[in-house]
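Colleague: Pasting a structure here, questions to come.
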Amino acid sequence: MTKKKGCRGWRWLALWWHLFLLLWKTIDAQTRYSIQEELKDGSVVGNLAKDLGLRLSEIYDRKLSVPSAAGKQYFSVDAGKGELLVNDRIDREGLCGQSASCVIPLQVVVEDPLQLFRVEVEIQDINDNSPTFPSKDISLEIAESTATGARFPLEYALDPDVGSNSLKSYTLSKDECFAIRIKEVAGGRKVPELILAKGLDRERIAAHKLLLTAVDGGNPARSGTAQITITVLDNNDNIPAFEKSLYKVSVAEDAAEGALIAQTKASDTDYGANGEVEYSFGVHTSDAVLSVFTIDPVTGTVFLKGKLDFETTANYEIDISAKDKGTPRMEGHCSLHVEVFDINDNAPEILITSHPKPVREDAPNGTVVALINAQDLDSGDNGKVQLKLPKNSNFALKPSFSQNYALITNGVLDRENVSEYHVEITATDAGSPPLSSKKTVVVSITDVNDNAPVFSQPSYNVYLKENGVPGSILYSVSASDLDSGENAKISYSILDSKVQDVSVSSYVYMNSDNGSIYSMHSFDYEKLKVFQIVVQAKDQGSPCLSSNATVHVFILDQNDNFSTMRLDTDK
């Protein structure tokens with residue numbers, strides 16, 4: 001008869017593991033800090049251990065890390081104090097441009113059990129940039145016959161700072177013929193315009209030199225200047241005028257090269273060459289615009305000559321110039337605002353935030369295996385991502401926050417059947433048509449001692465001739481264990497029992513490694529004809545498991561006794 005039994009205390013150990021693994025949870029709450037840009041390396045951002053409710057010892061023991069998805073490690077953690085420190089130069093303008101809000105999201109990961117904390121660091125702007133003009137020298141040619149009130153767009157200054165530190169105003173050095181007007185265009189940008197306040201007289205003043213100053217709102221304020229040189233010319237006293245001062249169009253990012261973007265039109269009331277208009281982009285148009293758009297100099301039609309990418313640039317502000325062919329040439333301006341709308345041209349990306357750890361085969365449902373993040377560079381529905389696993393999977397995805405998920409167990413695991421799972425995760429966006437991508441996570445299953453050793457047969461019959469040599473092998477039994485490692489390592493032993501009131505160990509002994517049974521002395525059929533040995537196979541698991549088998553030993557008679565004869569002496 002085969003008997004299975006476990007060593008004492010295994011039920012308590014299984015309960016302990018169950019409670020331990022259930023302690024894991026994904027933290028939905030978030031911690032937020034606020035610091036100024038350009039702090040020195042080593043500056044303290046906040047006490048991360050205290051704010052996340054972690055003991056200082058856990059910083060090292062649980063391998064706290066602050067992985068960077070941007071490829072630059074702006075922050076580090078002082079494991080001794082539990083403080084989050086500045087680790088690299090933080091330039092708000094380089095990081096967030098002129099966005100009103102600048103937040104660096106951090107994912108703080110601790111292990112054993114796995115936890116994910118969401119931490120945000122708001123970067124506050126300091127007034128570390130002065131307004132600058134694209135060119136320090138601005139040259140204009142204005143005919144003396146130009147009517148009072150005529151406006152001349154000037155180059156606008158750029159200030160990378162935001163909020164109160166951004167560009168606020170312009171001033172112009174004193175000149176009786178000119179004044180300045182500030183116009184606010186799309187996006188809140190302030191553009192200066194030179195206004196002719198009084199008629200020009202070339203014979204009195206042939207050239208005017210003005211100083212244009214751009215001032216920001218910082219405390220103290222910073223400024224930048226540009227020198228304006230105005231040459232007064234004769235003749236051609238009408239400026240080409242556009243039908244609209246602002247043209248607005250929307251274009252899909254997958255528009256084909258050569259597509260018509262906008263039709264602009266300007267007219268000049270002068271006669272002949274003075275009224276003939278030629279179109280071009282403004283002299284300070286950026287290379288980024290020139291690489292994507294072109295304009296027909298005769299018709300004013302703007303065409304697409306490069307590729308648009310919503311994820312790189314969502315809108316363009318283009319200055320268009322119309323010049324006549326008179327002497328001097330007069331110039332009019334308008335603005336073209338091109339809004340690029342998103343199409344679903346980026347497939348979702350699946351990121352493994354923490355590498356999967358081996359999972360015990362007796363792990364309860366809900367045990368966290370790995371942390372997953374989904375991203376899509378598109379916007380709106382095109383950027384909404386849903387993760388899925390195959391049907392009937394032994395795993396599930398538990399959503400956390402902001403496209404973060406935990407990969408958890410969701411079924412019975414049996415290492416003896418499947419020792420390694422290849423979990424295929426599919427990410428699909430909500431675009432039309434939807435795009436998807438896949439990633440496989442390899443999960444290893446570690447063994448639990450849930451299988452007892454099993455003998456090759458429940459009982460064995462051994463036939464042994466009497467008068468054998470002591471120490472000779474009687475029989476070899478064998479057992480196998482479906483577990484692995486120490487859980488499958490088997491040792492053999494003989495359970496104590498009595499043979500003719502003497503311990504069985506006086507008759508036989510057993511090799512614990514290979515299951516061979518040896519005789520201790522020679523057997524005599526006339527004294528002992530049959531006896532039983534109960535052998536046990538035990539694994540090295542914790543708790544250990546074992547099973548028994550019975551070996552029946554039959555002693556075979558040998559002709560080892562002489563015949564005796566009794567004589568009757570009376571006869």
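No lab work stands behind these numbers, since they all come straight from the coordinates. Note that the structure is a prediction, hence the values are computed from the model and not measured. Here Cβ is always computed from backbone atoms with ideal geometry, including for glycine, and neighbour counts include all displayed protein chains.
Colleague: With an 8 Å cut-off on Cα pairs and a minimum separation of 6 or more residues, tell me the relative contact order of the chain in percent.
Modeller: Numbers: 1362 pairs, mean separation 59.0, N = 571.
About 10 percent, as a whole number.
Colleague: For a quick size check, give me the Cα extents of the stretch 371-416 along its three principal axes, largest first, whole Å.
Modeller: Cα spread of the stretch 371-416 along its principal axes, largest to smallest: 45, 19, 12 Å.
Colleague: Still on this structure, please answer the following. Run down the lysines and flag those whose C-alpha is under 18 Å from the C-alpha of LYS527, throwing out any fewer than 8 positions away in its chain.
Modeller: LYS465, LYS498
Colleague: Now a separate question. Take every Cα-Cα pair in the stretch 349-446 and report what % of them are more than 21 Å apart. Don't skip to the end; give the middle numbers.
Modeller: Working: 1561 of 4753 pairs.
Result: 33 percent of Cα pairs exceed 21 Å.
Colleague: Where does the charge balance sit around ARG189 when Lys and Arg score +1, Asp and Glu -1, over other residues with C-beta under 10 Å from its C-beta?
Modeller: Working: positive: LYS183, LYS190; negative: GLU184, GLU317.
Once all neighbours under 10 Å are counted, the net charge is 0.
Colleague: To the nearest Å, what is the center-to-center distance of the stretch 227-274 and the stretch 316-372, using C-alpha atoms only?
Modeller: 31
Colleague: Here's a follow-up. With a sphere of radius 10 Å drawn around the Cβ of ILE425, what net charge do the other residues whose Cβ falls strictly inside it have (Lys, Arg +1; Asp, Glu -1)?
Modeller: Numbers: positive: LYS388, LYS438, LYS439; negative: GLU424.
Once all neighbours under 10 Å are counted, the net charge is +2.
Colleague: Please get the size of the charge dipole for the stretch 241-341, origin at its Cα centre, with Cβ charges of +1 on Lys and Arg and -1 on Asp and Glu, quoted in debye to the nearest 20. Can you show the working numbers first?
Modeller: Details: 8 positive and 17 negative charges, 43 e Å.
Computed about the Cα centre, the dipole is about 200 debye.
Colleague: Take the Cα radius of gyration of the stretch 29-165 and divide it by 2.2 N^0.38 Å, with N its residue count; two decimals is plenty.
Modeller: Details: Rg = 22.9 Å, N = 137, 2.2 N^0.38 = 14.3 Å.
Dividing the Cα Rg of the stretch 29-165 by 2.2 N^0.38 Å gives 1.60.
Colleague: A further question on this structure: Arranged by the count of other C-beta atoms within 10 angstrom, fewest first, what order do GLU253, GLU416 take?
Modeller: On the way: GLU253 18, GLU416 14.
Going from sparsest to densest Cβ surroundings: GLU416, GLU253.
Colleague: Lys/Arg Cβ at +1, Asp/Glu Cβ at -1, dipole of the chain taken about the Cα centre: which of ASN511, MET330, PRO434 is farthest positive-ward?
Modeller: Value computed over the given set: ASN511.
Colleague: Toward the positive end of the charge dipole of the chain, about the Cα centre and with charges on Cβ (Lys, Arg +1; Asp, Glu -1), which of ILE59, SER101, ASN404 goes farthest?
Modeller: Going by the Cα projections, it comes out as ILE59.
Colleague: Using +1 on the beta carbon of Lys and Arg, -1 on that of Asp and Glu, and nothing else charged, what's the dipole of the stretch 127-234 about the Cα centre, debye to 20? All intermediate terms of the calculation are to be shown ahead of the outcome.
Modeller: On the way: 13 positive and 15 negative charges, 46 e Å.
Charge dipole of the stretch 127-234: 220 debye, to the nearest 20.
Colleague: Please report, in whole Å, how far the alpha carbons of the stretch 356-396 spread along each principal axis, starting with the longest.
Modeller: 42, 21, 12
Colleague: Counting pairs on different chains as well as pairs 8 or more places apart, how many Lys pairs in the stretch 24-124 have Cα atoms under 25 Å apart?
Modeller: Qualifying lysine pairs in the stretch 24-124: 11.
Colleague: A further question on this structure: Could you tally the net charge around THR299, taking each other residue with its Cβ under 14 Å from the Cβ of THR299, Lys/Arg +1 and Asp/Glu -1? Show your work: numbers first, answer last.
Modeller: Numbers: positive: LYS265; negative: GLU243, GLU276, GLU278, ASP296.
Every neighbour counted, the sum reads -3.
Colleague: Any idea how far the Cα center of the stretch 139-208 sits from the one of the stretch 392-412, in Å?
Modeller: What the calculation gives is 62 Å, centre to centre.
Colleague: For the chain, with only Lys/Arg (+1) and Asp/Glu (-1) charged at the beta-carbon, what is the dipole magnitude about the Cα centre, in debye rounded to 20? If you can, show how the numbers build up before the last one.
Modeller: Working: 55 positive and 79 negative charges, 402 e Å.
Dipole magnitude for the chain comes out near 1920 debye.
Colleague: Now, a different point. Have a look at ASN87, ALA549, ASN344 and report the one farthest towards the positive end of the charge dipole of the chain, computed about the Cα centre with Cβ charges (Lys/Arg +1, Asp/Glu -1).
Modeller: ALA549
Colleague: Further, regarding this structure: Using only the Cα atoms of the stretch 423-571, construct the convex hull and provide its projected area averaged over every direction, in square nanometres to one decimal. It would help to have the intermediate numbers written out before the result.
Modeller: Working: hull surface 61.5 nm².
For the Cα atoms of the stretch 423-571, the hull's average projected area reads 15.4 nm².
Colleague: Now a separate question. Give me the one-decimal Kirkwood hydrodynamic radius in Å for the stretch 203-348, with the sum taken over alpha-carbon pairs. Could the numbers behind the result be given before it?
Modeller: Working: mean 1/r = 0.0562 Å⁻¹.
Roughly 17.8 Å, rounded to one decimal.
Colleague: Per the helix-only calculation at 222 nm, which mean residue ellipticity applies to the chain, given -39500 (n - 2.57) for every DSSP H run of n ≥ 4 and division by its residues, nearest 500 deg cm²/dmol?
Modeller: Values: 5 runs with 33 residues, N = 571.
After summing the helix terms and dividing by the residues of the chain, the value is -1500 deg cm²/dmol.
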